[in-house]
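Read the structure below first, then the notes.
Each reported figure results from applying straightforward, stated rules to the coordinates on display, with no laboratory input. All values reported here derive from a predicted model rather than from experimental measurement. Cβ: placed from backbone, ideal geometry, glycine included. Neighbour counts: every protein chain shown.
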Amino acid sequence: MTDILPGDNKESQEKGDSPNQTDAPKHIVGIGASAGGLDALLTFFNHMPKDSGLAFVIIQHLSPDHKSLMGELLAKRTEMEILEVRDGMEAKADHVYLIPPKKNLTVFNRKLLLASLSHHRGLNLPIDVFFRSLAEDQEEKAIGIILSGTGSDGTRGIMAIKKAGGLVIVQDEKSAQFDGMPKSAINTGVVDFVCIPEQMPEIILNYITHPFIGEKRKHYETISTQETDLTKVIALLRSRTSVDFTYYKTSTVVRRIERRMGIVQAATVKEYLDYLVDHPEELDSLYKDLLIGVTRFFRDKEEFEFLKNRIVPGIFENNKKEKTIRVWVVGCASGEEAFTIAILLQNYMDSLYEKETGQKALIEASPEDLSQAGNLQRENPKNLDANLRKPGERGYSRKYEVKVFATDIDKNAIEKASLGHYPDGIATDLPDDLLERYFIKTDEGYKVRRHIRELVIFASQNVLRDPPFTKLDLITCRNLLIYLQPNLQKDVMAIFHFSLKDKGYLFLGTSETVGDLSGHFIPVDRKIKIFQHQGVGAPPIKDSLRLAQPQVYRPKSTQGNLNQTMVNIKTSRQLEIQERYYQDLINQLTECAVIVNADGTLVETFGKPDRFLKQKPGKVNLDITKMVGTELSLALGTGLRNAVKEKKMIQYDDIPVYGEETMRLTSLKIIPLQGLEGRKALDVYETGKTGNKEKQTGHEGETRPNQYEQLYRMGTEEDEIPSGQSRKTVYAVSQSQKLMVVFHSKEKRKKKQHETTPVIPFSREKDQHLLDLEKEIQYTRENLQTTIEELQTANEELQATNEELLASNEELQSTNEELNSVNEELNTVNAEYQSKITELTELNNDMDNLLRSTEIGTIFLDINLHIRKFTPAVVKEINLLRQDIGRPLTDLSSPVLNSIKEDVYHVLRNVEKVEKTIQGEGERYYLAQMLPYLDEHRNCGGVVISLVNITLQKKAEKALKEQFDVMKQVLETSPAATIMVDGKGRITFANKAFQNTLQMDIQDLKDQLFDSATLCFTNLNGDALDGENRLITRIKTDRKPVEKYLVRFARTSEDEIIFSINANPTFNQQHEVDGAVLTFTEIAHRKPEKTKEQKITT
Amino acid sequence: MTQKPRVLIIDDDAANRELIDVLFCRENIIPLFAEDGTTGLKKAAEEIPDLILLDIFMPKEDGFDVLFRLKQNQNLRRIPIVIFTILEQEESRKKAMEMGAADYVTKPFDIKKTLDIVKKYLP
């Protein structure tokens, strides 16, 4: 036995282990569902085979006080085991796990962990919580599904899953009963599949069985052998998106591509390449996957605390003189980080302001309603200007001009970020006070308040290719470098070094370093990755950056034009040489030529512009009409407009321009340029700022605007213009057409001035008139602008109202649905009541009929003894009418009632029954019963009087009594000695004759046993009459009359009489013998001697 | 006395027969019973009793008829006959005595007196 045992144990252990191994699920599928999710879940499991090898965890928003039936319901649809999660349970394959109510679920090392709900703000997002932990724990083996539901729970969770390389599937909005959660999830742009629940199982099964997804990490080599194809994929990507992923970390890129291959079901990279060629939109998906960014407000709390307490004050300190703070958030993704920094800066400014003035900052003091916000928007820029000029007049804090440039390569992300709109979930990341101060609650979540949004400028930018921002106080570039190969990292660091001001800060991700540039950046804190610029030297900047062009988005090519893209970088150097060549050529050919935008903004100059263009002192203005003299200004302005309108060359000849000594006859040629028209029409404006490091960027013309700040303002309706000068450009926003203006002049002596007749003469008066007109137009324009702005404000208000109305409409709809269901319930209840009523009516009829048929008069009285109800039988005795209902009983007068009134009070007081016979009018008799009326709680609620007519019984009783009396009389006077006995033989009656015979009184005889010894009756032998021989016994057994029963009556032995008794039984109603009538006949006697002698002698 | 005296009682009233049975047995007299006249004549002829107690008022033949026929029979004419009746009238008493009855007892009878009469006629 002992030998076998260990072996057994071992075997069982192995058994125990091996299923554990196979129990491990291939993937864990998290399913988030809320309102309307049950149907979708049932459908989903209907289509999911029981042996998929997956573990399913259902995160459902459960009511805390309602028992969920989910388990029972699902059990009908799937053969998999369904378990409610217990803390520490291991997720096994082919099992379904349900979240218990009032708990948050997370997963760690495949173990499901429960936590009680945090009561933070009352907002709980269990789907987000679980999905995030799922993403962390399972990484690319995480699958997240969002089903029907309201709100936005799960939205941030799927972003985490996607970032970890997992699969994200969302229910099609149309099929979802409630589209809040699916819509919110789809809007993130990270969703891999949007489909109906029926299709989900198939998608998942295909995905997990794909060779690159299903098997473990050995495919790394597989894909590297297909390297040429991989390069082609990257090339295709570059041609479509202008982003080159060649030097991104191969592992990351390969993993993302494999993932996409799994999703589109491509077995090899070659197949995927073919797929890409046929489905160009897949390139966008891949691109998005590669750029996936997940940020949160105050992600990494500790670091932001540090930023807030140490760095922000430092930045303000550094800029005491310049009063300009510039921050660049690189790779801002959906903008959380950029807004976080803007909030920190604003918060600090507010605190400065408070310190300075002792009052609360203006913006936070006034609740932001939209019209007010509109005012602020209009006032702010001016205020800023005013403050800059007159410090001290306004608050200290207002003197700083804060700009946060937020850039990302992903245009979609930028577009979304610029809206500043975030789901409800951010509430858990932000402290309450900041949330309230800097966000407005909207229906779908939170919107960043306008004054914060104004601080942040979003732009689409490729940090590796596009020119950087300059004179920056802070650059944050978190978790971007890790995606880049070391050589690219180096380039980026060089750019940052160039961009930052002396003493500027660089804020990197936790696992990132400054690399080779550790000499140029010193860490501010050892733990937190914030570095300070040392102002030492300049690391070499990659050549290509100097060639930076204003980024022109090429029209997206549908087919990869590989060669063209490949040569792009190589040819740029060649282009530069060419440009210089053409510049020289133009300089030789013309006196002066300039390129302007359609609105007259100067873009580029050739030749000798200084002869015609003069910059007035003060703020730099690039409007060419302001730069030329007044003589040319009008003609140029008109010419530009006409050239744009008519799309043809306009020429003005011989316009006199007066110099100090000379007069020049100037000709203008305004030519619309064809070649540059395809440029994307976006809101374009130019700040006209010139950086002091311009030379380093290699641009010669001081009037040339800094291209880097040519920013794409994404179309938000309330886009503000930071400074007044470029207001006009708003009119020409869509006019990105370029024009060339060619100046040509002939010098004349001043004295000859009058000899020459200008081709277009302008008299002083006309001139003045034109100027007046222009002013008027300008004035009108401004008016118009004000009106437009007012209309915009009104429109915004209307939109807001509309949104509110939509929201309340939705609420009403859901209320309506609720009411509908309540209504249905009421209908059901109503139907139940109807049937109850029918039943009761029937019962009532039965009762009525019963009461009528019994001829029992009944009166129901309430607690105050008012008549509630009565039956028709009562009316015979008491004259009750229908209108008497409700009257007190005491009001009525009738002999019957008078005799029971007292009793009624008694019943009410003592709650006990009273019964009595009463006589009504005539010879009518009633049995009156008075009972307490007991309600369902056995409480006395009144009195019930019932009157039973007993006249007949009463009469019968009387008749019977009379009959009895007669009979008694007859018996009494009968000569035969007769007695009546009861069933036991006791005498109940004895007539006179009997009394005489026995010489006893009726009093002595009554209730005596007639055959007992006391009455001296014996049998003939003088023995006691007992046992079976008793006459009464015989009568009772035979039930027949007995004749000639002989008894001896002997007072002494010498004095005896022998009687023969004839006995007749009497029967009761049950036909039992209850007694007998006995007639005694003397048949013999013995008299005492004396009397005998006397007799003889007589 | 080796031989107990035997008395034939001809009476239709069972109560009387029962009572007499008890009384006679106490007195060592053997009672013989007949419920009617015909049976009485037949029994008298068979048993030849020492005395006959004869009821007058009986259904079918009344006591006078039986008395007449007993007196007509040679074998029975010497047996003494005591009339036993409720009739108290002098005529019936006279008639019975004339017809040869030995004595006369009226009902309800006095027990002692009756026994004395019976004993008087027994041997």
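For A:1054-1061, what's the mean count of beta carbons from other chains sitting within 10 Å of each residue's beta carbon? Working shown, then result.
On the way: counts 1, 0, 1, 2, 9, 2, 7, 1.
Going residue by residue through A:1054-1061 and averaging, the value is 3.
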Based on alpha-carbon centroids, what's the gap between segment A:152-196 and segment A:605-643 in Å, whole number please? 55 Å
Extended-chain gain in nm, criterion 0.36 nm per residue less alpha-carbon gap, A:Glu604 and A:Glu173: 150.1 nm
Using Cα positions and a limit of under 15 Å, work out the aspartates and glutamates in reach of B:Lys4, with same-chain residues fewer than 8 apart set aside. B:Asp21, B:Glu27, B:Glu47, B:Asp50
Charge dipole of segment A:427-480 built from unit charges on the beta carbon (Lys, Arg +1; Asp, Glu -1), centred at mean Cα; most positive-end Cα among A:Thr470, A:Thr428, A:Phe458 is A:Thr470
Can you tell me which aspartates and glutamates have their Cα less than 15 Å from the Cα of A:Lys1040? Leave out same-chain residues fewer than eight positions away. A:Glu1072, A:Asp1074
For segment A:90-95, in residue order, the Karplus 3J(HN,Hα) values (coefficients 6.51, -1.76, 1.60; θ = phi - 60°; whole Hz; Gly and Pro = x) are 8, 6, 10, 5, 6, 10
Starting from the exponent 0.38 and prefactor 2.2 Å, build the expected Rg for segment B:48-87 from its residue count and divide its actual Cα Rg by it. 1.12
For the pairs A:Lys323/A:Lys619; A:Lys616/A:Lys766; A:Lys869/A:Lys954; A:Lys416/A:Lys441, note any where the Cα-Cα span goes beyond 21 Å. A:Lys616/A:Lys766; A:Lys869/A:Lys954
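As a quick test, which of the pairs A:Lys249/A:Lys308; A:Lys1044/B:Lys71; A:Lys614/A:Lys738; A:Lys501/A:Lys527 have an alpha carbon distance above 25 angstrom in this structure?
Violating the 25 Å limit, Cα to Cα: A:Lys249/A:Lys308; A:Lys1044/B:Lys71.
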Bins of 10 Å from zero: percent of alpha-carbon pairs in segment A:932-1059: 11, 29, 25, 11, 9, 9, 5, 1
If R₀ is 41 angstrom, what is the calculated FRET efficiency for the pair B:Met97 and A:Ala956, using the beta carbon separation as r and rounding to 0.05? 0.10
Roughly speaking, what is the stretch gain from A:Val970 to A:Thr209, that is 0.36 nm per residue apart minus the C-alpha to C-alpha distance, in nm to one decimal? 261.9 nm
Highest mean first, what order results for A:163-171, A:892-900, A:100-108 on Cβ atoms within 10 Å? A:163-171, A:100-108, A:892-900
Taking segment B:1-82 and dividing mean pair separation by its residue count, relative contact order in percent (alpha carbons under 8 Å, at least six apart): 33 percent
Segment A:952-1020 versus segment A:844-872: alpha-carbon centroid distance in Å: 48 Å
What average number of partner chain Cβ atoms lie no more than 10 Å from the Cβ of the residues making up A:1077-1084? 3
So which trypsin sites (Lys or Arg not before Pro) in segment A:571-629 are both in a DSSP loop and have at most 12 other Cβ atoms within 10 Å of their Cβ? A:Lys614, A:Lys619
Cross-link candidates for A:Lys876: which aspartates and glutamates have Cα within less than 12 Å, leaving aside residues fewer than 8 places away along the same chain? A:Glu855, A:Glu921
Ranking request for peptides A:965-974, A:1024-1033: highest mean number of other beta-carbon atoms within 10 Å first, then the rest in descending order. A:1024-1033, A:965-974
Could you list, in their original order, any pairs among A:Lys26/A:Lys111; A:Lys162/A:Lys288; A:Lys901/A:Lys958 whose Cα atoms are separated by more than 18 Å? A:Lys901/A:Lys958
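Computed from the mean reciprocal separation of all distinct C-alpha pairs, what Kirkwood hydrodynamic radius does segment A:455-496 have, in Å?
11.5 Å
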Packing-based order for B:41-47, A:435-441, using average beta carbon neighbours within 10 Å, highest first: A:435-441, B:41-47
